[in-house]
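First the structure, in the form of structure tokens, and then the observations on it.
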Amino acid sequence: MTKSGAEVDFVVRELLNTESELIQVCWSMDNLETRRREETALKDAMKELNIKRGKIITWLDEYSVGEDLEIVPAWKWLLE
């Protein structure tokens, strides 16, 4: 939970990689309020924890928000 009270679903750290990644999971980013909530929570947590990469996994949505935040569909994330 961030200082502002927002929640982040997962912190991922690969075994051989020292860099962590924050992950949010959300069905859809179609609703503007949902999009703001999920993106803001992730960006706040990234800043507080000094983590450079974040991902929001959704059912079908796919786009980028700047260079550090990626929205990907679940099927694509599972194939990574």
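Odds and ends about this structure:
- Selection from segment 1-39 of residues that are within 14 Å of residue 77 (Cβ to Cβ) and of a type in the set (S, T, N, Q): 24
- Scanning segment 4-18 for residues that are open to solvent by less than 100 Å² (accessible area, probe 1.4 Å), free of Cβ contacts under 8 Å to residues at least 24 places away in the same chain and either among the hydrophobic types (A, V, I, L, M, F, W, C) or not in a loop (DSSP other than H, G, I, E, B) (or both) yields a total of 1.
- Only one of the numbered conditions (1) part of a loop (DSSP other than H, G, I, E, B); (2) within 8 Å of the chain's Cα centre (by Cα); (3) basic (Lys, Arg) is violated by residue 55, and that is (1).
- Of the residues examined, residue 47 is not one that is in contact with an Asp or Glu (Cβ under 9 Å, 6 or more places away or on another chain), open to solvent by 50 Å² or more (accessible area, probe 1.4 Å) and part of a helix (DSSP H, G or I).
- Segment 66-75, residues that are open to solvent by 30 Å² or more (accessible area, probe 1.4 Å) and not in a helix (DSSP H, G or I): 66, 67, 68, 70
- Considering 39, 21, the condition of being open to solvent by less than 100 Å² (accessible area, probe 1.4 Å), out of contact with any Asp or Glu (no Cβ under 6 Å at 6 or more places or on another chain) and in a helix (DSSP H, G or I) is satisfied by 39 alone.
The values are calculated or read from the model by the stated rules, or taken from the named source; none is laboratory data. From a predicted model like this one, the values you see are computed outputs, not experimental measurements. As a convention, Cβ positions derive from the backbone with ideal geometry for all residues, glycine included, and neighbour counts pool all protein chains shown. Only protein heavy atoms, including side chains, enter the accessible area calculation; ligands, DNA and RNA are left aside. Shrake-Rupley method; radii C 1.70, N 1.55, O 1.52, S 1.80 Å.
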